Structures are given as C-alpha cells and as structure tokens.
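Inspection log for the structure reproduced underneath, given as structure tokens.
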Amino acid sequence: MNAPDIVRCAYLELVVGDLAASREFYVDVLGLVVTEEDEHEIHLRGLEEFIHHNLVLRQGPVPAAAAFGFRVRHPRELDRAEEHYRALGCEVRREAPGFRRGIGEVLRVLDPLGFPYEFFYDVQHVPRLTWNYERYGAGAIVRLDHFNQVYPDVARGAEYLEDLGFRRTEDIRDDEGVTYAAWFARKDTVHDTALTGGAGPRMHHIAFATHEKHNILYICDKLGALRRSDAIERGPGRHGVSNAFYLYLRDPDGHRVEIYTQDYYTGDPDNPLVTWDVHDNQRRDWWGNPVVPSWYTEASTVLDLDGNPVPVREREEAREMDVTIGADGFSYTRKGEGFKVGEQL
Ligand SMILES: O=C1C=CC(S(=O)(=O)O)=CC1(O)O
Ligand SMILES: [Ca+2]
Ligand SMILES: [Fe+2]
C-alpha cells in the first residue's frame, strides 16, 4: 500500500489532571517554551523548534495520550494517508484547519494497533530560539526526539509501522525469535517511535532531546534541590540501544518523559539493523544498571478519536521482565560466562 511520506514525529497531545501543576513541571522545571496558552490547554515546544508546538497539555478528567502527531512532506500526503488507512479498514477523520492551534488540515486515524495518529503538513511557523541563549536553562531541551508505544505483539506492530514507511533501526529479541522491543525511524536518528512489548495500546513515553549530558545531569541536580527526586524514575545512564545518554521522569500525572541526548545517525538506505539479545544485561543500560520494574509495567492510557480510553490487551508472548527475572536479574555481562541471577533492586 502507498504509505504517506512522514518526515518526523512532531507533537503529542497529553490530557492532564491539573494544568497548573503540569505547566510547572514542563515549563518551570524542564524549561519547555510556551507557544500559546489559555485556561484549558498549553502549547509547548523545544528551543530549536519552528513549528507551532511539540506538546499540547490539555486539562481533562482522564490523564491520557490523546494524539501522536506526525508531519508529512507535502499536503498531498494527507490524501495518501487517508487512502492507506482506509485500505487498512481504520476509522479516518479529516479535520479542517483550526482543529489544532497553529496547525492546518489534520488527518486523524485510530490505527490498526489502537493508537490515535495524526498527520499534518500546514503549520504556523514560530520563532526558532536556537540562538536565544538568554532563554536557555541548564536543562536546555531543544527538540522532540521520539515517542514510545506499548503494544502486546511487537512483531505485528513492527509489520504495520514498516508498511507505513518506518525503518527498523534496533530491536531486542531472543534465541526463540520473540521480539521484545523495536525502534523505528523516519528522520535520520535512531527513532521517531518505538514499540515496547507489554499490555497495550498505551503510551510509554515522550522523549525530548538536549545537546549535552550535562544538561541531563543538571535536571537531576535541580530536581534534587527542589526535593522532587521522586520525579526521577530511571537513570541517568547510557543506553545500549540507541547509545543515547538518558533520564526518565514521571510528570504530575505519571506520564513518562525521557530526556535524551547523543544517539547516532541512521540515514543511509543500508543502515544496518542492531539486534540485542534480551539476556544481554547491557542492552537497556550500557553500564548494566537494572531497569526498575515500573519502567516495564507502567504506561499511559491512549484515547480514541472520540476521547474514550482504548481498551488494553495483555501481552501473550514472554515478557521481558519475566525473562530477565525482575529488573535484569537473569542476564549476562559476558555471554557464556553465566548469568547474574536474582533481583538487582
Ligand atoms: O529511546 C530509547 C532508547 C533506548 C532504550 S533502552 O532502554 O536502551 O532499550 C529505551 C528507549 O526506547 O526509551
Ligand atoms: Ca508488510
Ligand atoms: Fe526513549
């Protein structure tokens, strides 16, 4: 099927329970830039962004991820996207300009995995603050890097995303051929989205990029100084997959936010796939530090096109947390030299 020409992941809409508390987290603590705001919703972006927003926070009753927005290369790609999804039998809605602040026509779909995807081209340009160093806090979040989606059947989800034109850049598998997670790119970095095997469809995290590791360390130090270290869920650390330096935070509603820097270029057509053994204890943290259980088990509800929570299905294949016994207690540092056994916590 003719897939739409997707340029990049562009925005996420999050429903939050207390808009002021969320504003404090994303603006005062993390330093995202406010493009527009009113008493119902806030439109935020990274310092290097020129499209209207990368994140919408909307006050609502059920904390959830309401839309995953992707920019396409030309307005005609909305027609191609509509054709693609109708051929898949998906619910498709075309929304006139103005449906979303700063965005032109939007094509909305509930995709075959149950995720609310949106596609757009026309967008209001806003000031790119790249050189406005007076606006930079030490956390310095410069752009949206990726989404991460929880879905029960990663192999099935990968088939759908690859048919949508995404390039698989990395994955985690076992010797029996089970796929536990996979990463998919449209732009020239490691991913625009990823599938984490688990009960889904749910939103695992949104990731923003900084330029330097010290920006991430500053965010940790700032949260400590604010006595908000409980917002730190996992990290800081160095990923195996993607090679990025990372930190995972939980926002006031429990939505997971990754701060991410220095992954690698993947733009050549023959970019080699990197596959990790699920028992490799350095796959998710290159230093072998354990993955806290909540990172595997907790994620955000997603909404359908009418704003209702999408029902969640459990994963039927082996779960990474079980296979590695708790948080990476049954994994090896050096293959063939035996396993680290038992809980790491
Ligand atoms: O962006 C990512 C890159 C790597 C990893 S992992 O924990 O190293 O698998 C997780 C992640 O999907 O958040
Ligand atoms: Ca196919
Ligand atoms: Fe991530």
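The values are calculated or read from the model by the stated rules, or taken from the named source; none is laboratory data. The structure presented is a predicted model; accordingly, all values stated were derived computationally and were not measured. All Cβ positions, even for glycine, are placed from backbone atoms using ideal geometry, and neighbour counts span all protein chains on display. Protein only, heavy atoms only, side chains kept; ligands, DNA and RNA dropped before computing areas. Shrake-Rupley method; radii C 1.70, N 1.55, O 1.52, S 1.80 Å.
For segment 137-186, how many residues meet the condition of being more than 28 Å from residue 53 (Cα to Cα), open to solvent by less than 20 Å² (accessible area, probe 1.4 Å) and away from ligand 1 (no atom under 16 Å from the Cβ)?
Here the count works out to 1.
Please verify whether residue 221 is open to solvent by 10 Å² or more (accessible area, probe 1.4 Å), free of Cβ contacts under 8 Å to residues at least 24 places away in the same chain and not in a loop (DSSP other than H, G, I, E, B), treating the condition exactly as stated.
yes
Conditions (1) more than 9 Å from ligand 1 (Cβ to nearest atom); (2) under 22 Å from residue 12 (Cβ atoms); (3) open to solvent by less than 10 Å² (accessible area, probe 1.4 Å), marked per residue:
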| residue | (1), (2), (3) |
| --- | --- |
| 199 | yes, yes, no |
| 205 | no, yes, yes |
| 225 | yes, no, no |
| 229 | yes, no, no |
| 242 | no, yes, yes |
| 257 | yes, yes, yes |
| 265 | yes, no, no |
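Only residues that are modelled with pLDDT under 95 and part of a loop (DSSP other than H, G, I, E, B): list them for segment 288-306, please.
Residues satisfying the conditions are 288, 289, 290, 291, 292.
Taking the condition part of a loop (DSSP other than H, G, I, E, B), within 20 Å of residue 260 (Cα to Cα) and open to solvent by less than 10 Å² (accessible area, probe 1.4 Å), does residue 47 pass?
Yes; evaluated as a whole, the condition is true for this residue.
Kindly evaluate residue 163 against the criterion of being at pLDDT below 95, away from ligand 3 (no atom under 15 Å from the Cβ) and among the acidic types (Asp, Glu).
no
In segment 113-120, is there at least one residue being within 16 Å of ligand 3 (Cβ to nearest atom) and in contact with a Gly (Cβ under 6 Å, 6 or more places away or on another chain)?
No; the residues of segment 113-120 include none that is within 16 Å of ligand 3 (Cβ to nearest atom) and in contact with a Gly (Cβ under 6 Å, 6 or more places away or on another chain).
Does residue 233 meet the test of being under 17 Å from the mean Cα position of the chain (by Cα), among the charged types (D, E, K, R), open to solvent by 20 Å² or more (accessible area, probe 1.4 Å) and more than 26 Å from residue 112 (Cα to Cα)?
The answer is yes for residue 233.
So residue 309 ticks every box in (1) touching a Ser or Thr at 6+ places or on another chain (Cβ under 8 Å); (2) at pLDDT below 95 but one. Which box is left unticked?
(2)
Any chance segment 96-109 includes a residue that's acidic (Asp, Glu), touching a helix residue (DSSP H, G or I) at 6+ places or on another chain (Cβ under 7 Å), open to solvent by less than 70 Å² (accessible area, probe 1.4 Å) and modelled with pLDDT of 95 or more?
Yes, segment 96-109 contains at least one residue that is acidic (Asp, Glu), touching a helix residue (DSSP H, G or I) at 6+ places or on another chain (Cβ under 7 Å), open to solvent by less than 70 Å² (accessible area, probe 1.4 Å) and modelled with pLDDT of 95 or more.
Let's see how each residue does on (1) more than 22 Å from residue 62 (Cα to Cα); (2) of a type outside the set (A, V, I, L, M, F, W, C); (3) more than 16 Å from ligand 3 (Cβ to nearest atom):
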| residue | (1), (2), (3) |
| --- | --- |
| 270 | yes, yes, yes |
| 274 | yes, no, no |
| 277 | yes, yes, yes |
| 286 | yes, no, no |
| 311 | no, yes, yes |
| 315 | yes, yes, yes |
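Collect the residues in segment 149-194 that are within 16 Å of ligand 2 (Cβ to nearest atom), of a type in the set (Lys, Arg) and in a strand (DSSP E or B), keeping them in residue-number order.
Correct list: 167, 168.
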